[in-house]
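Chemist: Please see the structure below; I have some questions.
The values are calculated or read from the model by the stated rules, or taken from the named source; none is laboratory data. Since this is a predicted model, take the numbers as computed values, not measurements. Note that we place each Cβ from the backbone using ideal geometry, even for glycine, and neighbour counts take in every protein chain shown.
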Amino acid sequence: MAIRRERANVDPYSGEPPVPDERLVVRGEDWYGRDLSGRRFTRHTFYDSDWTEVVNDGAVFDECTFSGVKFNASRHVNAAFTNCVFKRCGFFDVRFEQCKAVGSLFQQCDFGLLRVTGGDWSFVGLPGADLRGADFDGVRMRECDLTGARLEKATVTGVDLSGAMLHSAKLTGADLRGSDLSALDPRTVELAGAKIDLEQAAVIATALGLDVS
């Protein structure tokens, strides 16, 4: 499956995302509490739909577009959202466990109380995302675009951020312990009060040109 890395750099304030297939459009449907486990959707577009408290164990969404979809309080386990676009979607109190979101782009979404545990979110685009207080634990986020993202007081523990774009990210008070910070330039982010371990401290000191011995 091709990874469309260029999506991570799409203007987060652009107009409506493109419709992959006009024949596969779902508009304004109420899927409250629906069980989507094991289903597969390819190149579908979902407009202004209610997915509150949806249960999703192992469903696959590939090259799909979600615009104005409410995912609030939904639960996703071992699911895949690959090369998808999410525009103005709500993710309040959403849980992703061991999910795959490789190559997907999030634009102008709300992420209150988001929790992501495990899984692969590499090449994901979250530029400018408001992720304050979000919880990412043990997630692979290689080359993820977090440019200008707000992660104040977020938990980002044991996360693989190698190659991630972190310029202008706000990490004030975040718990970063155990995460790969090799791509972080401490001169271009806000780090005051962030929690790090000794190994990370050495990485940051080296990035500042200090001789750690």
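To keep it simple, each residue is scored yes or no on (1) of a type in the set (Asp, Glu); (2) closer than 19 Å to PHE92 by Cβ; (3) assigned to a loop (DSSP other than H, G, I, E, B); (4) at pLDDT 85 or above.
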position	(1), (2), (3), (4)
ARG7	no, no, no, no
SER14	no, no, yes, no
PRO18	no, no, yes, no
ARG23	no, no, yes, yes
TYR32	no, yes, yes, yes
GLY38	no, no, yes, yes
ASN56	no, yes, no, yes
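Chemist: Taking the stretch 33-68, which residues are touching an Asp or Glu at 6+ places or on another chain (Cβ under 7 Å) and within 19 Å of CYS109 (Cα to Cα)?
Modeler: Across the stretch 33-68, the qualifying residues are SER49, ASP50, SER67, GLY68.
Per-residue answers, yes or no, for (1) within 19 Å of VAL203 (Cα to Cα); (2) surrounded by fewer than 20 Cβ atoms within 10 Å (Cβ to Cβ):
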{"residue": "PHE106", "(1), (2)": "no, no"}
{"residue": "ARG115", "(1), (2)": "no, yes"}
{"residue": "ASP120", "(1), (2)": "no, yes"}
{"residue": "ALA134", "(1), (2)": "no, no"}
{"residue": "ARG142", "(1), (2)": "yes, yes"}
{"residue": "ASP145", "(1), (2)": "no, no"}
{"residue": "LEU151", "(1), (2)": "no, no"}
{"residue": "ALA154", "(1), (2)": "no, no"}
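Chemist: On to the next question. List the pairs whose first member sits in the stretch 5-31 and is more than 11 Å from TYR47 (Cα to Cα) and small (Gly, Ala, Ser), whose second member is surrounded by 13 or more Cβ atoms within 10 Å (Cβ to Cβ) and at pLDDT 80 or above, and whose Cβ atoms are under 6 Å apart, counting only residues at least 6 apart or on separate chains?
Modeler: ALA8/GLY125; ALA8/ASP145
Chemist: Determine if the stretch 186-198 includes at least one residue that is under 19 Å from the mean Cα position of the chain (by Cα) and without any contact (Cβ under 8 Å) to a residue 60 or more places away in the chain.
Modeler: Yes, some residue in the stretch 186-198 is under 19 Å from the mean Cα position of the chain (by Cα) and without any contact (Cβ under 8 Å) to a residue 60 or more places away in the chain.
Chemist: In the set THR206, THR172, which member is touching an Asp or Glu at 6+ places or on another chain (Cβ under 8 Å) and either surrounded by 17 or more Cβ atoms within 10 Å (Cβ to Cβ) or among the polar types (S, T, N, Q) (or both)?
Modeler: From the options THR206, THR172, the qualifying one is THR172.
Chemist: So how many residues does the stretch 35-73 have that are out of contact with any strand residue (DSSP E or B) (no Cβ under 7 Å at 6 or more places or on another chain) and under 21 Å from GLY125 (Cβ atoms)?
Modeler: Qualifying residue count for the region: 1.
Chemist: Now, a different point. Provide a single number: the residues in the stretch 23-42 that are of a type in the set (D, E, K, R) and crowded, with 16+ Cβ neighbours inside 10 Å. Please lay out each step first, then the result.
Modeler: Filtering the stretch 23-42 for residues of a type in the set (D, E, K, R) gives 23, 27, 29-30, 34-35, 39-40.
Next, from what is left, pick out any that are crowded, with 16+ Cβ neighbours inside 10 Å: 34.
Of the residues in that region, 1 qualify.
Chemist: So, ALA183, is that one small (Gly, Ala, Ser), part of a helix (DSSP H, G or I) and surrounded by 14 or more Cβ atoms within 10 Å (Cβ to Cβ) or not?
Modeler: Values: small (Gly, Ala, Ser): yes; part of a helix (DSSP H, G or I): no; surrounded by 14 or more Cβ atoms within 10 Å (Cβ to Cβ): yes.
No, not satisfied.
Chemist: Out of all the residues in the stretch 28-57, which are of a type in the set (Gly, Ala, Ser) and either within 19 Å of THR82 (Cα to Cα) or under 21 Å from the mean Cα position of the chain (by Cα) (or both)? I'd like the intermediate steps shown before the answer.
Modeler: Our first condition is that a residue be of a type in the set (Gly, Ala, Ser); within the stretch 28-57, this holds for 28, 33, 37-38, 49.
Residues satisfying the conditions are SER37, GLY38, SER49.
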